[in-house]
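Notes for the one structure printed next.
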Amino acid sequence: MAEGPFGAWLQVTGAAPRSKVVTVVVVMLLTSLTEGIGIIMLVPLLEAMQGRSSLLSRSIDGAFAQVGLTGSIVGMLVVFVGLVGLRAGLLHLQLIGTVSLMHSTMDALRQRCFSGLMHAEWRWLALHRPSDHASVILNDIARVGLGLNQALSAVATAVSTLVYIMVAFALSWRTALFAALGGALVLLAFTGLRRRALLLGQQLGDANRALQGHVQEKLHGVRQIKIVGGEASSISSFAEMLTTLRRQQLSFVSDSSIGRSLLQVAGAAALAMVLYFGYAIWDQSLATLLPLVLVFARLVPMLGGLQHAWHHWLHALPALQSTNHLIEESRRAAEPSVPPVAGPAISLHSAIELRGVTVRYAGRDRPALDGLSLDLPAGTTTLVVGASGAGKSTLGDLLMGLIEPDLGMLQVDGVPVTGDVRRRWRGAVGYVQQDPFIFHDTIRNNLLWPRFAASEADLREALAKAGGEFVFALPDGIDTPIGDGGARLSGGERQRIAIARALLGKPALLILDEVTSALDRENQAVVKRSIAGLRGRTTMLLISHNDFMFDLADRAFRLEAGRCSSEPVPSRI
């Protein structure tokens, strides 16, 4: 992880294409040079109007002669206007290049974060709030992008400032030295504000994550909130978080404004002193003094812009630290890499076997699964019941290859499910959970995700097996939009769509995790009939907290404190 604002800037720009970084820097340099040369051109122009000539004027006339130009007033005016036009074009290129560089950097960081999360172990992902990760990808990296834009602006301003100082030294070294020392003292005086920008950036990141987590949780639970009459408290807590967020943002804006105002006053005082010393003490000519006034009049807002831009970059550093932390943590939690050609999905002919499996989670006193041994013969339906916290979800995660046991072994037809075999095994498992993953699209696209090559016949077959024939009676049939989370369907209909999608993959193992627990009796019965129709046609694991589907199972077990009953339950649980 990069340390300090300069190291952080190098790290962020290093994430973007090198060609874009080089192009932006070169254009910045050329833009600053054209502006500096344009100001120097004022000296011989003013002296020519006064009929005077200095060493600087004669040097410029010599340079003109080298390229076949004359040092006439008209010639110098033409060159001056040409330089202004060239600088305008370069400024346009600089703007486009800076924005492109900012977007490339943001996209690269977001890709790294998202890819890291997608390849991380499920056990690590389950310990973190998805909203915190979403806040980093959406909010923090957006702040990094804006901060980078400001940092690039600071670099451009710094280059222009350096060119202006060089011009000032060319005009009058004493005046330039006096002004440079004054500017350095002014910037040094704002060290406290820059430190405060870091603190405010950290607080803003915390406030953003808290707000995003609150919104996601409350919107997800809005039904329950309305049932218990929690609207007022939810709105109140949301308002408090907004107030906190706006307070942090306002503090930053206030600090920036105060710094800008103080810098303007200090710059005006420095400019007044430059004028006084140049005119009254050092007796400089008008042709030299006027360009100097222009230089220092430009330098004052430049110093303000430099302070403002760097202030914004420091404010964005905590967001970059959060981004780096997410990238590093997800890298450490990454699953083993899989060869490009991992082989076909594993088939099941004999049995799935758990042998002395133990799974532990950090921060918990007892294991989620404790020395568990269990067999799932091919073609059978197994029911596992247990109270909340008994380890049922962990058992499902283990059987579908999302996690590996800390001790013991998962085997399919005697083959250990580990390493790249574990990733291949996932392709042979269908999984349907209590709250099915349904997105805002048509039924067809929900079914096809992520098996887009499935034919129309495959879709109809999967829907028929899952009891989803109701789809064809809808106004647009299988192409009917179903709303966010399948809101236009009943709970039972959503479950049957999810089961059909799982069946499209022709799974060797189908895991149905509490698929009826959130449904009313009528929908429970419909889903149960769908499951009954699958019995004997695929290997199934039914996970439930009760014995509602006991009559569908060939074997049933009770799970308690991570351990299974030693004998199958013969009749009732």
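The values are calculated or read from the model by the stated rules, or taken from the named source; none is laboratory data. Note that this is a predicted model, so its numbers are computed, not measured. Positions of Cβ are backbone-derived with ideal geometry, glycine not excepted, and every protein chain shown enters the neighbour counts. With ligands, DNA and RNA removed, areas are computed over all heavy atoms of the protein, side chains included. Shrake-Rupley method; radii C 1.70, N 1.55, O 1.52, S 1.80 Å.
Give the residues of the range 433-460 that are in contact (Cβ under 8 Å) with a residue 40 or more places away in the chain, among the acidic types (Asp, Glu) and part of a helix (DSSP H, G or I), sorted by residue number. Asp458 - this is the single residue of the range 433-460 that is in contact (Cβ under 8 Å) with a residue 40 or more places away in the chain, among the acidic types (Asp, Glu) and part of a helix (DSSP H, G or I). The residue that is nearest to the chain's Cα centre (by Cα), counting only those in the range 469-481 that are in a helix (DSSP H, G or I) and surrounded by 15 or more Cβ atoms within 10 Å (Cβ to Cβ), is Ile478. Within the range 482-499, the set of residues being outside any loop (DSSP other than H, G, I, E, B), within 13 Å of Phe470 (Cα to Cα) and open to solvent by 10 Å² or more (accessible area, probe 1.4 Å) comprises Glu493, Arg494, Arg496. Here the strands (runs of 3 or more DSSP E) wholly within the range 320-425 that include at least 1 residues being surrounded by fewer than 16 Cβ atoms within 10 Å (Cβ to Cβ) and in contact (Cβ under 8 Å) with a residue 24 or more places away in the chain are 351-359, 369-377, 407-412.
Ala120: in contact with a strand residue (DSSP E or B) (Cβ under 8 Å, 6 or more places away or on another chain) and either closer than 26 Å to Gly145 by Cβ or at pLDDT 75 or above (or both), yes or no? For Ala120, the condition - in contact with a strand residue (DSSP E or B) (Cβ under 8 Å, 6 or more places away or on another chain) and either closer than 26 Å to Gly145 by Cβ or at pLDDT 75 or above (or both) - is met. For Gly430, the conditions (1) part of a loop (DSSP other than H, G, I, E, B); (2) open to solvent by less than 10 Å² (accessible area, probe 1.4 Å); (3) under 21 Å from Asp554 (Cα atoms); (4) not β-branched (Val, Ile, Thr) are fulfilled apart from (1).
Condition check ((1) surrounded by 19 or more Cβ atoms within 10 Å (Cβ to Cβ); (2) touching a helix residue (DSSP H, G or I) at 6+ places or on another chain (Cβ under 8 Å); (3) part of a helix (DSSP H, G or I); (4) modelled with pLDDT of 85 or more) across all residues:
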| residue | (1), (2), (3), (4) |
| --- | --- |
| Leu127 | no, no, no, no |
| Val136 | yes, yes, yes, yes |
| Ala142 | no, yes, yes, yes |
| Gly145 | yes, yes, yes, yes |
| Gln150 | yes, yes, yes, no |
| Ser153 | yes, yes, yes, no |
| Thr157 | yes, yes, yes, no |
| Thr161 | yes, yes, yes, no |
